[in-house]
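Below is one structure, written out as structure tokens, with a few remarks after it.
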Amino acid sequence: MNPLIMPALIVFLVFIGILVLTWAVPVRLWIEAIFSGVRLGLGSLVGMRLRKVSPPAVVRPLIASTKAGLPLDVSHLEAHYLAGGSVDRVVRALISADKATIDLPFQQAAAIDLAGRDVFEAVQVSVNPKVVQTPRVAAMAKDGIQLIAVARVTVRANINRLVGGAGEETILARVGEGIVSTIGSADTHKSVLENPDVISKTVLQKGLDSGTAFEILSIDIADVDVGKNIGAELQTDQAEADKRVAQARAEERRAMAMAKEQEMKARVEEMRAEVIAAEAQIPLAMADAFRTGNMGIMDYARYRNIESDTHMRRAIAEGEPDQQAPTS
């Protein structure tokens, strides 16, 4: 082996060893903790590395809590880190709750964080309530006039119900339902426009924050607009539907009448054809009567006179000019 390669290899291995040692033993972080009043040995930091825990993610929040006068157990912070929680967010929430004199144990804060909620934001909302605005809620009063209302809801986080409690969407949905119910029970839309605070009072009395992670402090009606005349539109649609039904029934009766008329005409034509056929048999019957001797010449003459008289009477009744009836 080349004698120049051996020293270079030793220097390289020493450099790699220093890097590994610096990574495994965060001396700088240990010194920072010592000077901040956190009693933590190098062995604990090395153990964090071996347990796949990031020392800065645990030690720096521990330093912040110690400086804030809130001592915490490093093993609890490590366990929360390994469970997938945010140690920094939990510690900041604990410090904020302690300054605001809110009773928030570490286990409860860790449970809230692991449940997927921002525990630090929850503490902030508990200290400083926030305002959420409902979407435009449309409802119809008893007189058929539509009203569109917008409400602003002031809520405060309830720390004890953050785990398992419903969120803001449930609050807004319940408030919207209360607005629809209150407007729908009003006799006229004018009474709602004159006293919009009736909506907020009625909604507040229903206890809409039950089972949620928030406490409703107030409900203020921000805006009420008049919408469509739903009652008139419904009546118009009903009248149009009734008219179409009546037209359909009238058309049905007209079709039945036309069918009856055609049937009667066909019956008349049939009877007329029968009469013509019967009249065609008269000359044959007379000829047969002459041959058999049942009818004489005088009988035929009387028949012709009666026929002429009948023709004359018919012409007079129909307004035709008088015609000379043939005589025998």
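The values are calculated or read from the model by the stated rules, or taken from the named source; none is laboratory data. Please read all numbers here as calculations on a predicted model, not as lab measurements. A quick note on method: Cβ atoms are made from the backbone with ideal geometry, for glycine too, and the neighbour counts reach across all protein chains shown. In case anyone asks, the SASA skips ligands and DNA or RNA and just uses the protein heavy atoms, side chains included. Shrake-Rupley method; radii C 1.70, N 1.55, O 1.52, S 1.80 Å.
At a glance:
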{"read-out": "Dipole of segment 216-275, positive direction: furthest Cα of SER218, ALA259, GLN247, with charges on the beta-carbon", "value": "ALA259"}
{"read-out": "Approximate shape of segment 110-253 as ellipsoid semi-axes (Cα gyration tensor, √5λ), whole Å, largest first", "value": "44, 18, 10"}
{"read-out": "Heavy-atom accessible area ranking, 1.4 Å probe, most first, across SER44, SER96", "value": "SER44, SER96"}
{"read-out": "Heavy-atom accessible surface of the chain: percent carbon and sulfur, 1.4 Å", "value": "58 percent"}
{"read-out": "Kyte-Doolittle mean at least -0.5, axial Cα span of 30 Å or more - DSSP H helices of the chain", "value": "none"}
{"read-out": "Partner lysines for LYS265 [C-alpha distance under 21 Å; skip if fewer than 8 residues away on the same chain]", "value": "none"}
{"read-out": "The chain - charge dipole about Cα centre, Lys and Arg +1 at Cβ, Asp and Glu -1, debye rounded to 20", "value": "2120 debye"}
{"read-out": "Links that overshoot a 26 Å alpha carbon limit, given the list LYS130/LYS228; LYS142/LYS206; LYS190/LYS243; LYS130/LYS201; LYS67/LYS130", "value": "LYS130/LYS228; LYS190/LYS243; LYS67/LYS130"}
{"read-out": "Computed Rg/Rh of segment 40-186, alpha carbon atoms with Kirkwood Rh", "value": "1.21"}
{"read-out": "For PHE214, distant residues with modelled amide H under 5 Å away", "value": "ASN158"}
{"read-out": "Expected-Rg normalisation [2.2 N^0.38 Å, Cα atoms] applied to segment 231-322", "value": "2.31"}
{"read-out": "Value of [θ]222 nm, deg cm²/dmol, for the chain, DSSP H segments ≥ 4, -39500 (n - 2.57) each, nearest 500", "value": "-20500 deg cm²/dmol"}
{"read-out": "Answer label for Cα extents along the principal axes in Å (calculated), chosen among (1) 70, 58, 38; (2) 168, 78, 30; (3) 60, 55, 42", "value": "(2)"}
{"read-out": "Accessible-area value, ARG253, 1.4 Å probe, nucleic acids and ligands omitted, Å²", "value": "150 Å²"}
{"read-out": "Å² of accessible area per residue within segment 226-320, as computed with a 1.4 Å probe and no ligands counted", "value": "84 Å²"}
{"read-out": "Per residue, in Å², the accessible surface of segment 68-143 once ligands and nucleic acids are set aside, probe 1.4 Å", "value": "51 Å²"}
